[in-house]
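Enquirer: Sharing a structure below in structure tokens format, with a few things to ask.
The values are calculated or read from the model by the stated rules, or taken from the named source; none is laboratory data. This structure is a prediction, so every number in the text was calculated from the model and none was measured. All Cβ positions, even for glycine, are placed from backbone atoms using ideal geometry, and neighbour counts span all protein chains on display. Accessible surface areas use protein heavy atoms only, side chains included; no ligands, DNA or RNA. Shrake-Rupley method; radii C 1.70, N 1.55, O 1.52, S 1.80 Å.
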Amino acid sequence: MNEDLIDSQNRTKGRLKWDARLVSGGTPSTNEASYWTNYGALDGTPFVAIADMSGRERINETNKALTNAGMQSRNMPVGDPGTLLLAMYASVGEVSLLGIQATWNQALLGITPDPRCVNAQYLRYVLLAMRPELLRDVRSTTQDNLNAGQIGDIWYLKPPLSEQRAVADYLDQETTQIDELVAKQEEFIGLLKERKSSLVTHEVVHAVAERNPLRRVVDVIDCAHVTADFVDDERYPVASIRECQGATVDLTGCNYTTEEFYNHLRSSGRAPRVGDLLFVRNVSVGLVAEVAPGTRDFAIGQETVLLRRKTNIDPKFLRYALTSAEVGHAIENAMIGATFRRINVSAIRALPVPVPPLEEQTRIATRLEQQISRIDALITKAEEHIALAKERRAALITAAVTGQFDVRTARKAG
């Protein structure tokens with residue numbers, strides 16, 4: 001949506017810094033308790049961080065607030081309802097409207113449209129349409145964020161205010177319908193995942209009365225930190241949280257380490273083998289993935305631990321047992337850290353797991369694989385529907401704000 005495109009359409013163009021007030025935010029010292037208070041406090045000004053706006057069209061509450069002293073310490077800006085907040089770091093290009101009076105941190109840019117020039121909701125859709133372009137700008141440079149100057153230089157199609165309002169109203173209606181469909185699919189996925197959990201609990205947990213600490217059936221092997229000295233472009237893959245999302249370890253798109261680091265793990269017995277399980281102990285705590293036959297040699301970092309059989313245990317059965325609701329509850333109780341959730345290796349070793357005879361383990365695992373594969377197929381199909389709906393939503397917004405069709409005609413036709 002550059003200036004040349006707008007000129008070629010022979011339509012009025014706008015430039016963000018001409019049509020809106022742009023104000024960067026800040027963050028007072030987090031070490032000064034007198035600067036901070038809870039959201040809803042009488043003397044507090046809501047403080048917006050990226051987490052408060054993620055996925056929200058309108059921000060009506062925040063996790064934190066600033067006292068008057070905190071506001072004064074950094075001369076913090078204040079935005080009224082209707083102010084747009086655009087993420088310049090991390091979730092670059094994400095945009096929300098303020099539904100309350102609030103201030104914001106340095107990762108966000110406050111955009112107050114001049115109502116004589118541009119409709120706020122229309123401008124929100126313009127910025128949403130431009131997000132892919134903004135992300136390309138970030139990736140094409142050595143920096144990993146945008147700045148207020150770059151945002152201010154944005155050109156956009158600026159039809160008369162009446163047409164802007166018509167575009168915004170049309171997109172409100174159409175995107176609401178799409179969002180409702182997405183929400184229903186997400187709800188369906190949630191129900192399917194609950195069904196998976198209940199199946200595992202029924203088959204694994206209820207079938208066996210006896211529980212054993214995990215350390216009795218497997219060796220729980222702590223792993224080493226892959227430092228910058230051991231980063232390599234092409235030698236040995238490194239499995240971390242991202243590689244343990246599925247039933248088996250997936251090394252697609254992973255980072256790499258050196259042969260020296262891998263040999264260090266192998267010589268100390270910490271290199272993964274077929275049949276081992278990887279248990280994630282940081283952030284996405286409790287994810288478990290099996291090292292399947294045919295997996296190439298790879299290393300693991302400190303976010304995971306290796307689980308290696310030392311008794312008759314079926315790795316597939318053990319993976320199901322560790323993802324059961326019962327063990328999940330034990331994991332939740334053992335986790336530490338408020339913002340960086342993790343579990344200590346000693347706590348992993350103490351996790352209670354049911355261990356029936358090996359033949360029964362295999363029967364349970366086979367039965368669960370058959371049932372869960374059908375559920376996973378339904379989840380995949382629902383995820384595809386969601387992806388298609390989101391693509392249609394993005395394409396519709398882009399087409400509307402670039403004047404590719406007349407929304408008033410489209411509304412009559414609908």
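Enquirer: When residues of the stretch 148-197 are filtered for being hydroxyl-bearing (Ser, Thr, Tyr) and in contact (Cβ under 8 Å) with a residue 24 or more places away in the chain, how many remain?
Expert: The total comes to 4.
Enquirer: Right, another one. In the list Gly40, Gly14, which residue meets the criterion of being out of contact with any helix residue (DSSP H, G or I) (no Cβ under 6 Å at 6 or more places or on another chain), at pLDDT below 95 and assigned to a loop (DSSP other than H, G, I, E, B)?
Expert: Residue meeting the stated conditions: Gly40.
Enquirer: Counting only residues that are among the polar types (S, T, N, Q) and surrounded by 14 or more Cβ atoms within 10 Å (Cβ to Cβ), which one in the stretch 162-179 is farthest from Val407 (Cα to Cα)?
Expert: Thr175
Enquirer: I would also like to ask the following. Across the stretch 85-120, what is the number of residues that are assigned to a strand (DSSP E or B) and open to solvent by less than 30 Å² (accessible area, probe 1.4 Å)?
Expert: The qualifying residues number 15.
Enquirer: Among the candidates Arg349, Arg393, Arg408, single out the residue that is in contact (Cβ under 8 Å) with a residue 40 or more places away in the chain, under 25 Å from Ser240 (Cα atoms) and among the basic types (Lys, Arg).
Expert: From the options Arg349, Arg393, Arg408, the qualifying one is Arg349.
Enquirer: Any idea which residue in the stretch 339-371 is least open to solvent (accessible area, probe 1.4 Å), counting only those that are out of contact with any helix residue (DSSP H, G or I) (no Cβ under 7 Å at 6 or more places or on another chain) and farther than 28 Å from Ile221 by Cβ?
Expert: Filtering the stretch 339-371 for residues that are out of contact with any helix residue (DSSP H, G or I) (no Cβ under 7 Å at 6 or more places or on another chain) and farther than 28 Å from Ile221 by Cβ, the one least open to solvent (accessible area, probe 1.4 Å) comes out as Gln370.
Enquirer: Further, regarding this structure: Being hydrophobic (A, V, I, L, M, F, W, C), open to solvent by 20 Å² or more (accessible area, probe 1.4 Å) and either modelled with pLDDT of 85 or more or in contact with a strand residue (DSSP E or B) (Cβ under 7 Å, 6 or more places away or on another chain) (or both) narrows it down to one residue among Val274, Val249, Val217, Val182; which is it?
Expert: Only one candidate qualifies: Val274.
Enquirer: Return yes or no: is Arg374 among the basic types (Lys, Arg) and surrounded by 13 or more Cβ atoms within 10 Å (Cβ to Cβ)?
Expert: no
Enquirer: Within the stretch 379-397, restricting attention to residues that are closer than 21 Å to Gln164 by Cα and hydrophobic (A, V, I, L, M, F, W, C), which residue is surrounded by the fewest Cβ atoms within 10 Å (Cβ to Cβ)?
Expert: Filtering first and then ranking leaves Ala395.
Enquirer: Please find, within the stretch 253-270, the residue that is nearest to Ala330 (Cα to Cα) out of those that are surrounded by fewer than 20 Cβ atoms within 10 Å (Cβ to Cβ) and in contact with a helix residue (DSSP H, G or I) (Cβ under 8 Å, 6 or more places away or on another chain).
Expert: Cys254
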